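Worksheet: the structure to be examined is printed underneath.
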Amino acid sequence: MDFLVLFLFYLALVLIGVVTICICSKTHYLRGLVRGGAQVISHIIPERLQRAMRKVLHYLFHTRNHTFIMLHLLLQGLVYAEYTWEVFGYCQELGFSLHYLLLPYLLLVINLVFFTLSCVSNPGTITKANEFLLLQVYEFDEVMFPKNMKCFTCSVRKPARSKHCRVCNRCVHRFDHHCVWVNNCIGAWNARYFLIYLLTLTASAATMAIVSTVFLVQLVVVSDLYLETYVDDLGHLQVIDIVFLIQYLFLTLPRIVFMLGFVVMLSFLLGGYLCFTLYLAATNQTTNEWYRGDRAWCHHCPHVARPPSAEPQVYRNIHSHGLWSNLGEIFLPAAAHCAEKMN
Ligand SMILES: [Zn+2]
Ligand SMILES: [Zn+2]
């Protein structure tokens, strides 16, 4: 019982943590919290260790590296290995349909194709050659994206909706975000690959969670486990309840139950992120624009939040032209082919 409670507590804590980070990421609370936390830690941890930690964090999040790609493939490999070696075999013995059992593999193949495309494709790098063409694609709103702005690092004029990625050191057309999991920027030309990658990853986690849950339920039903009784700590005979069943499955099939916990958590997290990405796609916003939306009140100081008394020069999304047109822009980005050829 204690183990199960602890596990559920851990699961709830992780989910609450992630949701809190998502909610706070658009406000100043998170920055304040991080700064406060860093100050407290700086008094506890020795200077040398802090420097080493800063170096590691800088390498992981501020330079292009393959660490998260490796971690991604390792986790995916472990989950699929467990599915293949235990769940798949047991399910076949219980007479599950083969089509149903092979679905996670089909999703894996599609996912790996789009994962690779997201990693290696050009997100929309702005160069001297395509700069003029890309300047024509989006209208300047004069709030978040003023006209005649220049990137002094890349020496190019910045088209509306573009941003300089400090990790990749380049300006990207319709910049969304830099994703460490694919070690690439997500921009106008690879947002479609990233969306399908996210969709298939969520679907494969959810499919595995469903297959594993159905398998465990079937196992309990076939073995008549729910009809059994047990003797509790006080020596009383008790009918098996759901908590006891879950705990029993934890002890007899630990790897499968642990994998199930992991894929269930992943399904919720990825599902939430997928909904957010679909919302941005449907409303024709990038993550960068969504994040900076409340702060872009003045184009001379774009990173400063608007004080309540300031002139209401609030950012307005001028790029949304209806659901289908917005989705079409993700899957058929304007000027992608011409500009790609010019690179
Ligand atoms: Zn630049
Ligand atoms: Zn980048």
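The values are calculated or read from the model by the stated rules, or taken from the named source; none is laboratory data. It should be emphasised that the depicted structure is a prediction, and the values quoted were computed from it without experimental measurement. Neighbour counts are summed over all protein chains in view; Cβ atoms, including those assigned to glycine, are modelled from backbone coordinates with ideal geometry. Areas reflect the complete protein model, heavy atoms only, side chains present, ligands, DNA and RNA absent. Shrake-Rupley method; radii C 1.70, N 1.55, O 1.52, S 1.80 Å.
Number of residues in segment 59-89 that are among the aromatic types (Phe, Trp, Tyr), more than 15 Å from ligand 2 (Cβ to nearest atom) and open to solvent by less than 60 Å² (accessible area, probe 1.4 Å): the value is 3. Within segment 146-163, residues that are within 16 Å of residue 284 (Cβ to Cβ) sit with their Cβ atoms under 6 Å from residues that are away from ligand 2 (no atom under 15 Å from the Cβ) and not aliphatic (A, V, I, L, M), at 6+ positions apart or across chains, in these pairs: 160/138; 160/140; 160/145; 161/138.
Which of (1) under 19 Å from residue 281 (Cα atoms); (2) within 20 Å of the chain's Cα centre (by Cα); (3) open to solvent by 10 Å² or more (accessible area, probe 1.4 Å); (4) more than 11 Å from ligand 2 (Cβ to nearest atom) is the odd one out, the single condition residue 139 does not satisfy? If we test residue 139 against (1) under 19 Å from residue 281 (Cα atoms); (2) within 20 Å of the chain's Cα centre (by Cα); (3) open to solvent by 10 Å² or more (accessible area, probe 1.4 Å); (4) more than 11 Å from ligand 2 (Cβ to nearest atom), just (2) comes out false. Report yes if some residue within segment 75-93 is polar (S, T, N, Q) and within 16 Å of ligand 1 (Cβ to nearest atom); otherwise report no. No, the conditions are met nowhere in segment 75-93. Residue 43 falls short of the stated requirement of being within 16 Å of ligand 2 (Cβ to nearest atom) and open to solvent by 100 Å² or more (accessible area, probe 1.4 Å). Please work out if residue 115 is of a type in the set (Phe, Trp, Tyr) and either near ligand 1 (Cβ under 10 Å from one of its atoms) or part of a loop (DSSP other than H, G, I, E, B) (or both). For residue 115, the condition - of a type in the set (Phe, Trp, Tyr) and either near ligand 1 (Cβ under 10 Å from one of its atoms) or part of a loop (DSSP other than H, G, I, E, B) (or both) - is not met.
Considered as a group, the residues in segment 215-225 that are touching a residue at least 60 places away in the same chain (Cβ under 8 Å) and open to solvent by 10 Å² or more (accessible area, probe 1.4 Å) include one that is farthest from the chain's Cα centre (by Cα), and that residue is 222. When you check residue 180 against the structure, is it in contact with a Lys or Arg (Cβ under 7 Å, 6 or more places away or on another chain), of a type in the set (Val, Ile, Thr) and closer than 28 Å to residue 205 by Cβ, yes or no? Judged against the criteria, residue 180 is not a match.
Can you go through 108, 103, 112 and tell me which one is open to solvent by less than 60 Å² (accessible area, probe 1.4 Å) and aliphatic (A, V, I, L, M)?
Working: 103 fails: open to solvent by less than 60 Å² (accessible area, probe 1.4 Å); 112 fails: open to solvent by less than 60 Å² (accessible area, probe 1.4 Å).
Being open to solvent by less than 60 Å² (accessible area, probe 1.4 Å) and aliphatic (A, V, I, L, M) holds for just one of 108, 103, 112, which is 108.
Evaluate the following for residue 145: is it within 16 Å of ligand 1 (Cβ to nearest atom), open to solvent by 60 Å² or more (accessible area, probe 1.4 Å) and either at pLDDT below 95 or more than 27 Å from residue 268 (Cβ to Cβ) (or both)? It is false that residue 145 is within 16 Å of ligand 1 (Cβ to nearest atom), open to solvent by 60 Å² or more (accessible area, probe 1.4 Å) and either at pLDDT below 95 or more than 27 Å from residue 268 (Cβ to Cβ) (or both).
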